[in-house]
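Engineer: One structure, pasted below without further comment.
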Amino acid sequence: MSHGMVSLMLHFRWTWIGLVISDDDQGIQFLSDSTEEMQRHGICLAFVNVIPENMHIHVTRAKTYDKQIMTSSAKVVIIYGEMNSTLEVSFRRWEYLFAHRIWITTSQWDVITIKRDFNLDFFMGLSLLHTTKVRLLNLGIFLQTMKTNKYQ
């Protein structure tokens, strides 16, 4: 998964990005894999938010996460973790706070974009990466039509 996300960053020449992961084994492994690959290709992390699974701890740190997202000059943010978690709560909060970014995440988050209360007008974009190459239909068309030069 990290290779696909890094390839996408390289394609659009996004070299200053944010990363939001869940505080679990999969999130930490993704952080390890992706930072190694990003470093090899000259992509830098503006911030890394590790979102705890415990709601009480999450609530006590929410404003810190919000500030990092809202004040960062990174226009592209990768989100990695399970939906229906504190990570989704954070994502919904950033929607409410009008955090205009390009959000890159995995296909499991596709359900969020289908919900009635999700408004893509609040975001500059949401890209979903699938774990299998077969599911990347029309990616070429998407890449050709996406206007990314203002996010570099």
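The values are calculated or read from the model by the stated rules, or taken from the named source; none is laboratory data. Just so it is clear, the model here is predicted, and its values are computed rather than measured. Counting neighbours? That spans all protein chains shown, and the Cβs are built from the backbone with ideal geometry, glycine included.
Engineer: Which condition number in (1) at pLDDT below 55; (2) surrounded by 15 or more Cβ atoms within 10 Å (Cβ to Cβ) is the one that Asn119 fails?
Structural biologist: (2)
Conditions (1) within 21 Å of Val6 (Cβ to Cβ); (2) of a type in the set (A, V, I, L, M, F, W, C); (3) surrounded by fewer than 18 Cβ atoms within 10 Å (Cβ to Cβ); (4) in contact (Cβ under 8 Å) with a residue 12 or more places away in the chain, marked per residue:
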position: Ile43; (1), (2), (3), (4): yes, yes, no, yes
position: Met55; (1), (2), (3), (4): no, yes, yes, yes
position: Lys75; (1), (2), (3), (4): yes, no, no, yes
position: Ser90; (1), (2), (3), (4): no, no, no, yes
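Engineer: Name the residues in region 51-109 that are in a helix (DSSP H, G or I) and aromatic (Phe, Trp, Tyr), would you? If you could, list the steps in order and put the result at the bottom.
Structural biologist: Here is the first cut: in region 51-109, the residues in a helix (DSSP H, G or I) are 55-71, 86-96, 107-109.
Correct list: Tyr65, Phe91, Trp94, Tyr96, Trp109.
Engineer: Got a number for residues in region 1-33 being part of a helix (DSSP H, G or I), among the hydroxyl-bearing types (Ser, Thr, Tyr) and at pLDDT 90 or above?
Structural biologist: Start the filter on region 1-33 by keeping residues that are part of a helix (DSSP H, G or I), which leaves 2-11, 25-33.
Narrowing the set further to residues that are among the hydroxyl-bearing types (Ser, Thr, Tyr) leaves 2, 7, 32.
Okay, now just the ones that are also at pLDDT 90 or above, so 32.
The total comes to 1.
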